[in-house]
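J.: Below you will find the structure I want to go over with you.
The values are calculated or read from the model by the stated rules, or taken from the named source; none is laboratory data. If you're wondering where the values come from, they're calculated on a predicted model, not measured in any experiment. Cβ placement follows ideal geometry from the backbone for every residue including glycine, while neighbour counts extend to all protein chains displayed.
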Amino acid sequence: MNQESVEHYFPLLFISLWLTMEFFLAQIGGWARLAKKYRCANYDTQVSWQGFKSGSVGLISYGIYLWVGVSTDGLYLKTGPLFFFRAFHPPLFFPWSQIISIEERKYMWMKLWEIKLNDSNVLIKINCKNLASIAQAFLGEKLKPLQ
């Protein structure tokens, strides 16, 4: 293969590798399992979004590419802000009735909110300081701040 052909195919190779990586991250971390039940087709118009939050879903850390939304119906989670962070990661919606607890935990130097769902062993951790104040009205005793 000569230099010109490598340069010609590099964008296609890069995109293919990126999409493959996104696919495996969704499978390994648990996003794909959550999407089977909690995939969100459309958003409530009253969703209060907070973007660029760090966190993890299952074993996979999403850096600062998580967006968290809260409405009277439940909690929303999506990746973003650009398309290439959303491949194989559809937006998720968790009704308040499906959330067992949201507990504040300390991991190294950060405080994260650990979200446990009724029928899933995929653990969601989010660094979102305002989550407690927003979710308190909907969760009551299910919300457990760090003591």
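J.: Would you mind finding the one in Phe52, Phe88 that is under 12 Å from Gly29 (Cβ atoms) and over 8 Å from the mean Cα position of the chain (by Cα)?
T.: Testing whether each residue is under 12 Å from Gly29 (Cβ atoms) and over 8 Å from the mean Cα position of the chain (by Cα) leaves just Phe88.
J.: Looking only at region 97-142, which residues are touching a helix residue (DSSP H, G or I) at 6+ places or on another chain (Cβ under 6 Å), outside any strand (DSSP E or B) and at pLDDT 80 or above?
T.: The answer is Asn118, Val122.
J.: Mind listing whichever residues of region 46-66 are part of a strand (DSSP E or B) and of a type outside the set (D, E, K, R)?
T.: Residues satisfying the conditions are Ser48, Trp49, Gln50, Gly51, Phe52, Ser54, Gly55, Ser56, Val57, Ile60, Ser61, Leu66.
J.: If you don't mind, there's one more thing I want to ask. Here are some residues: Tyr9, Tyr76, Tyr43. Which one is of a type in the set (Phe, Trp, Tyr), more than 15 Å from Leu131 (Cα to Cα) and not in a helix (DSSP H, G or I)? Don't jump to the end; show me each part of the working.
T.: Numbers: Tyr9 fails: not in a helix (DSSP H, G or I); Tyr76 fails: more than 15 Å from Leu131 (Cα to Cα).
Result of the check over Tyr9, Tyr76, Tyr43: Tyr43.
J.: Look at region 71-83 and say how many of its residues are aliphatic (A, V, I, L, M), surrounded by 20 or more Cβ atoms within 10 Å (Cβ to Cβ) and under 16 Å from Phe52 (Cβ atoms).
T.: Final tally of qualifying residues: 1.
J.: Does region 38-94 hold any residues that are aliphatic (A, V, I, L, M), out of contact with any helix residue (DSSP H, G or I) (no Cβ under 8 Å at 6 or more places or on another chain) and touching a residue at least 40 places away in the same chain (Cβ under 8 Å), and which are they?
T.: Answer for region 38-94, where residues must be aliphatic (A, V, I, L, M), out of contact with any helix residue (DSSP H, G or I) (no Cβ under 8 Å at 6 or more places or on another chain) and touching a residue at least 40 places away in the same chain (Cβ under 8 Å): Leu66, Leu77.
J.: Then there's this: Could you grab me the full set of residues in region 42-78 that are farther than 16 Å from Ile115 by Cβ, touching a strand residue (DSSP E or B) at 6+ places or on another chain (Cβ under 9 Å) and either among the hydroxyl-bearing types (Ser, Thr, Tyr) or at pLDDT 90 or above (or both)?
T.: Tyr43, Ser48, Tyr65
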